[in-house]
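Novice: Would you mind keeping the following structure in view while I ask a few things?
The values are calculated or read from the model by the stated rules, or taken from the named source; none is laboratory data. Keep in mind that this is a model prediction, so the values were computed, not measured. For neighbour counting, all protein chains shown are included, and Cβ atoms are generated from backbone atoms with ideal geometry for every residue, glycine included.
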Amino acid sequence: MTRVLVVEDDPQVGDFIEKSLQRQGYDVPARAATGDQALALAREHLPDLVLMDIGLKGPVDGIAAAEQVRDQLGMPVVFLTAYTDEVYIRRARATDAYGYLIKPFHPQELRTVIEFALYKHAITRRLVERERFVSTALRSIADAVIALDMDGRVTLMNAVAEALAGVAEADALGRPVREVYRALDPDTRAPAPVPGPARLADLPEPALRLLVSASGVEIPVEESVSPMVDDAGRAWGAVLVFRDVTERRALERRLGISERLASLGTLAAGFAHEINNPLAYVVTNLDYLQKALDGVEAAVGAGTAFAEIHAALHEAQEGAARVGRIVADVKGLSRPQGENRVWLDVHQVLEAAVKITRHLWPSRATIVRELEPVAPVQANEARLGQLFVQLLLNAAQAIPGPGEAPRIRVATRPAADGRILVEVEDNGPGIAPEVLGRVFDPFFTTRPVGSGPGLGLSICHRIVTDLGGTISLDSAPGRGTRVRVELPASAPPDPGAPA
Ligand SMILES: Nc1ncnc2c1ncn2[C@@H]1O[C@H](COP(=O)(O)OP(=O)(O)OP(=O)(O)O)[C@@H](O)[C@H]1O
Ligand SMILES: [Mg+2]
């Protein structure tokens, strides 16, 4: 049964209303005569609706009491009034009243107004709940969300969007979206088109953008825009959703490198094999010629002609040796078949690599060791050693600017899930962003012709991925370079276990 609280300070009118209500099947749990009493009784009885006389005597009139009932208890209120006064009606309207009854009224009117008020209240409540649900959903979503009105002004911004754009929602509300969410075309760096409430038919595809945050940081994001439309299909706003794709792009890049290197590895193995045979007889024959020349020279006596032939031979031998080194490096790109893996102490292998490369470092270079104990890894000693040698060589070749002594830092520490982290860092010139994406490419080098084939990092990549680990470079011009190698967890063999 619908329960109605009656608030009326005239006892006779009150009696009349109460009886009319009861006759029409309503329950009247209580009657109040003042505003204060109305609030207290409403709280006590929690009626479905409050019938409120506007012109209550006392400090709290009907309109003030209705406001409190609405704000504190969320109940619908229907006003009873003898006034048709404009001012009263306007004030009453501000309280979101659900209806008015002008006294004197017919009992039948009472029913109509109450039922309509209850109906309207139920709908409003559903709408409010719906809106709360939608805005909670938008706010708690893991993607960044900005809602826009038809003029492209911000009406909502969730926490993820605030964090990525570097703008607080409070500062963003009402501003044109482009001031808040500054996106560039990643290729041309031209400002991306303003996302508007597009028609349903031509919804744009998700696009890749470069988001420039308030602090100037550039973040690659994937952006999509959906219009908000009413039943008739008319747009009344739009939702802009974007997410940070830095990680994904890095992953794609790593996968791309792995794939390229894998196919190259197969090629490299064949190539190295094919070159090695002819190279072997080139070297043997050069050695033979050298000895033969020495013999002839001893028989006929030295002369300038011999000196020239000696020089030419020497050059040919050097060239052959260089080809030999490159072939050996290229072989490093192929996955060795059946290589011998043993349990290795990372610190020992690292120290050996330091010793091997030491004489190639600049004379003033210093080394900093930050070696935390780490678990042993199962690997081939020569391959793991080559990894560290290549990284140390690159670090040694990275000469810092004037006034700074070259410094190389090697560090080991346990990483998450039992993995092992090895870092080789230098304070050299760093790597320009446009170069950074290519350093793992075989034969990519910025060094002068003849000084390195550009295979070091591609070999490192091969070795690390063969071990199931990852390698990444953190570098920027003027900031030095830090190479991070993460090797997978591997428990050392249990000596007590049966073989
Ligand atoms: N520590 C570093 N500091 C600055 N640049 C580096 C560093 N390590 C690598 N690079 C850049 O990456 C490029 C590729 O490195 P990589 O080791 O693969 O080849 P390389 O050193 O040029 O030749 P190689 O290693 O075959 O002798 C280098 O030419 C250099 O531009
Ligand atoms: Mg190198």
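Novice: Do you know which of the residues in segment 436-449 that are away from ligand 2 (no atom under 12 Å from the Cβ) and in contact (Cβ under 8 Å) with a residue 24 or more places away in the chain is surrounded by the fewest Cβ atoms within 10 Å (Cβ to Cβ)?
Specialist: Per the stated criteria, the residue is GLY437.
Novice: Restricted to segment 13-30, and to residues that are farther than 15 Å from VAL113 by Cβ and in contact (Cβ under 8 Å) with a residue 40 or more places away in the chain, which residue is surrounded by the fewest Cβ atoms within 10 Å (Cβ to Cβ)?
Specialist: For segment 13-30, the residue satisfying everything is ARG23.
Novice: How many of the residues making up segment 380-393 are away from ligand 2 (no atom under 16 Å from the Cβ) and farther than 14 Å from GLY332 by Cβ?
Specialist: 1
Novice: Would you call ALA316 more than 16 Å from ligand 1 (Cβ to nearest atom), within 30 Å of GLY295 (Cα to Cα) and surrounded by 16 or more Cβ atoms within 10 Å (Cβ to Cβ)?
Specialist: It is true that ALA316 is more than 16 Å from ligand 1 (Cβ to nearest atom), within 30 Å of GLY295 (Cα to Cα) and surrounded by 16 or more Cβ atoms within 10 Å (Cβ to Cβ).
Novice: Considering only segment 170-198, state which residues are modelled with pLDDT of 90 or more and surrounded by 18 or more Cβ atoms within 10 Å (Cβ to Cβ).
Specialist: Hits for segment 170-198 are ALA172, VAL177, VAL180, TYR181, ARG182, ALA183.
Novice: May I ask you to list the residues in segment 31-44 that are crowded, with 17+ Cβ neighbours inside 10 Å and either over 9 Å from VAL7 (Cα atoms) or not assigned by TED's automatic domain parsing to the domain that holds LYS103 (or both)?
Specialist: Within segment 31-44, LEU39, LEU41, ALA42 qualify.
Novice: So, one more: Do we have TRP361 as of a type outside the set (Asp, Glu) and within 16 Å of ligand 2 (Cβ to nearest atom) here?
Specialist: For TRP361, the condition - of a type outside the set (Asp, Glu) and within 16 Å of ligand 2 (Cβ to nearest atom) - is met.
Novice: Which of the residues belonging to segment 1-32 are in a helix (DSSP H, G or I) and polar (S, T, N, Q)?
Specialist: Matches in segment 1-32: GLN12, SER20, GLN22.
Novice: Taking the condition within 22 Å of ALA365 (Cα to Cα) and more than 12 Å from ligand 2 (Cβ to nearest atom), does GLY430 pass?
Specialist: Considered against the rule, which asks whether it is within 22 Å of ALA365 (Cα to Cα) and more than 12 Å from ligand 2 (Cβ to nearest atom), GLY430 comes out as yes.
Novice: Exactly one of these conditions fails for HIS347: (1) more than 16 Å from VAL464 (Cα to Cα); (2) free of Cβ contacts under 8 Å to residues at least 60 places away in the same chain. Give me its number.
Specialist: (2)
Novice: Residues that are at pLDDT 90 or above and near ligand 1 (Cβ under 8 Å from one of its atoms): list the strands (runs of 3 or more DSSP E) wholly contained in segment 396-499 that include at least 3 such residues.
Specialist: none
Novice: Give the residues of segment 208-264 that are part of a helix (DSSP H, G or I) and either of a type in the set (Ser, Thr, Tyr) or within 13 Å of the chain's Cα centre (by Cα) (or both), sorted by residue number.
Specialist: THR246, GLU247, ARG248, ARG249, ALA250, LEU251, SER258, SER263
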